[in-house]
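Working notes for the structure below.
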Amino acid sequence: MSTTVENEKATSGGSSVMGKASGVLVRVGKAVGGVVGVLYQAGRDTIDTVIRNIIPFMAFVSVIVGIVNYTGLGNVLANFVAPLASSLIGLLAICVFCAIPVLSPVLGPGAVIAQVVGVLLGTRIGAGDIPPQYALPALFAINPQVGCDFIPVGLALGEAEPETVEAGVPAVLFSRLITGPIAVVIAYFASFGLYSSN
Amino acid sequence: MSVLAAETPQAEDPTGFFGVLAHAAEWFIGLFQAGADNFVGLLVGIIPLLIVLLTAVNALVRAIGIERIERFGAMAARPGIQWYPVRYLLLPVLSVFFLTNPMCYTMGRFLPEKYKPAFYDSSVSFVHPILGLFPHANPGELFVYYGIAAGITTLGLGLGDLAVRFLLVGLVVILIRGVVTELITTRLLARNTTRTEGALA
């Protein structure tokens, strides 16, 4: 508001000093306006994402967690999953299972399986059934199928030829069978010293 | 009024048919009350920090501009072993950070055909390890990380260590994935070409 008043004064005065001063003010005003605009738009995008993507998934997760915990299903699952998720061999077994080329595209969509299993394991870690340092390898063990449902679309986004897609889909699926377990082993060794003091 | 209040605690536990119904109803509501408690925990625990963080990073991405990332694409296309880390480490990280899932895969268009599947594999494998520190990159799939992280929070431990290690291991893994997938793609492409030629002859 004050900028406008200054500008009007400058134009009516007509002196070069006033002209320069108003030029500076206009530039400052524009710069500040630009920054505020970017931040405001960023905030708008954020709220949009939170409402559209994050809160709906939280609602979905809460319903599942509520049912799992309240019915005692969680304890049953814990007896099944906790021993698997508390050893390197068990985690590798989960990982290889999820990475089987026929299963991985089925398990992939929206990462829903990985998210639900993640929540279940998280609940078990919180309950103390699984040692906390296993969180890191578990993050990789439950997720070798990431993006396996999306390969043709992802390649199309990269403007790949049909021949590339034909070779690329099996290439990625087979690669996961090798790199999935490697990732778990790396994460297992990287988890040494994680929360161990506790 | 005071009579009613005095009588309430003395009410007997309902028995018989209606008693069973009442217990069933209580159990039914309790089922969802447990979910509701969990939901409030998530809303209060995660959303405020997430909103502020997302806003800051979104603003940063807008300020820097996506066009500038595209220059790296052309560089990553070069052959030679020293460009592997650029192609399967730097480029996926930058595209996931700035373009976010799923637009990050469009960066593949700067690469030759034989590198595209490996680039896709590399970048799609990074959309979760990045979540611990930069959840803006893939907010729809937050719970891959937050699900497990919630357990750590319940134990009263800090998440920073886990988030950083997840990111670092993710970096190593996407490089390995890129290289392995590139090798397999090259073999499959060669096999498919010979098969097509054989069919033509």
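By how many nm would the segment from residue A:163 to residue A:196 grow when fully extended, if each residue of separation counts as 0.36 nm and the alpha-carbon distance is taken off?
So the chain would gain 7.0 nm between residue A:163 and residue A:196.
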With the convex hull built on the alpha-carbon atoms of the stretch A:11-64, volume per residue in Å³ sits at 58 Å³
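For the stretch B:55-201, take the convex hull of the Cα atoms, compute a quarter of its surface area, and give me that in nm², please.
On the way: hull surface 42.7 nm².
Seen from a random direction, the Cα hull of the stretch B:55-201 projects 10.7 nm² on average.
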Using a Gaussian network for chain A with springs between C-alpha atoms less than 10 Å apart, which of these wobbles most: A:38, A:117, A:146?
A:38
What nm distance separates the two modelled labels at residue A:86 and residue A:103, each placed 7 Å from Cα along Cα→Cβ?
2.3 nm
What accessible area, summed over both chains, is buried at the B-A interface (1.4 Å probe, Å², nearest 100)?
6100 Å²
Could you work out how far apart the two model spin labels at residue A:21 and residue A:127 are, taking each label as a point 7 Å from the Cα in the direction of the beta carbon, and quote it in nm?
7.3 nm
For chain B, modelled as a GNM with alpha-carbon contacts under 10 angstrom, which of B:51, B:81, B:64 fluctuates the most?
B:81
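Of A:149, A:48, which has the most accessible area and how do the rest follow, probe 1.4 Å?
Working: A:149 55, A:48 75 Å².
My answer, sorted largest first, is A:48, A:149.
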Spin-label point model (7 Å from Cα, Cβ direction): what's the residue B:47 to residue B:75 distance in nm?
4.1 nm
Kindly sort B:114, A:20 by accessible area of their heavy atoms, largest first, with the probe set to 1.4 Å.
A:20, B:114
Percent of Cα-Cα distances greater than 14 Å, calculated over the stretch A:101-181
65 percent
In whole Hz, the Karplus estimates of ³J(HN,Hα) for the stretch B:43-56 (6.51, -1.76, 1.60; θ = phi - 60°; x where Gly or Pro) are 4, 6, x, 10, 4, x, 4, 4, 4, 5, 5, 4, 4, 4
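Using only atoms on other chains, find how many Cβ atoms lie within 10 Å of each Cβ of peptide A:132-144 and report the average. Before the final figure, lay out each step's value.
Details: counts 7, 4, 2, 12, 6, 1, 3, 14, 7, 0, 4, 6, 3.
Mean shielding by partner chains, rounded to a whole number: 5.
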What's the angle, to the nearest 10 degrees (0 to 90), between helix A:16-49's Cα axis and the longest principal axis of chain A?
20 degrees
With springs connecting C-alpha atoms under 10 Å apart, model chain A as a Gaussian network and identify which of A:184, A:102, A:65 has the largest mean-square fluctuation.
A:102
Length added when fully stretched, residue B:40-residue B:195, from 0.36 nm per residue minus Cα-Cα:
50.0 nm
Under the Karplus curve 6.51 cos²θ - 1.76 cosθ + 1.60, θ = phi - 60°, whole-Hz ³J(HN,Hα) for the stretch A:56-62, x wherever Gly or Pro sits
x, 5, 4, 4, 4, 4, 4
Decide, for the stretch A:49-198, between rounded, prolate and oblate: order the square roots of the alpha carbon gyration tensor eigenvalues as a ≥ b ≥ c, take rounded if a/c falls under 1.5, and otherwise choose prolate if a/b is larger than b/c, else oblate.
oblate
Using only protein heavy atoms and a 1.4 Å probe, report how much of residue B:78 is accessible, in Å² to the nearest 10.
110 Å²
Scattering curve values for the protein assembly as shown, log₁₀ I(q)/I(0), Debye with Cα scatterers, q = 0.06 Å⁻¹:
-0.34
With residue A:81 itself left out, Lys, Arg at +1 and Asp, Glu at -1 over residues whose Cβ is under 13 Å from its Cβ give 0
Helix B:67-76: angle to the longest alpha-carbon principal axis of chain B, degrees 0 to 90, nearest 10?
50 degrees
Accessible surface, the stretch A:34-129, averaged per residue in Å² (probe 1.4 Å):
48 Å²
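The values are calculated or read from the model by the stated rules, or taken from the named source; none is laboratory data. The model shown is predicted, which means the values in this text are computed figures rather than measured ones. Ideal geometry is used to build each Cβ from the backbone, glycine not excepted, and the neighbour counts take in all protein chains shown. Just the protein is used for accessible areas: all its heavy atoms, side chains included, with ligands, DNA and RNA removed. Shrake-Rupley method; radii C 1.70, N 1.55, O 1.52, S 1.80 Å.
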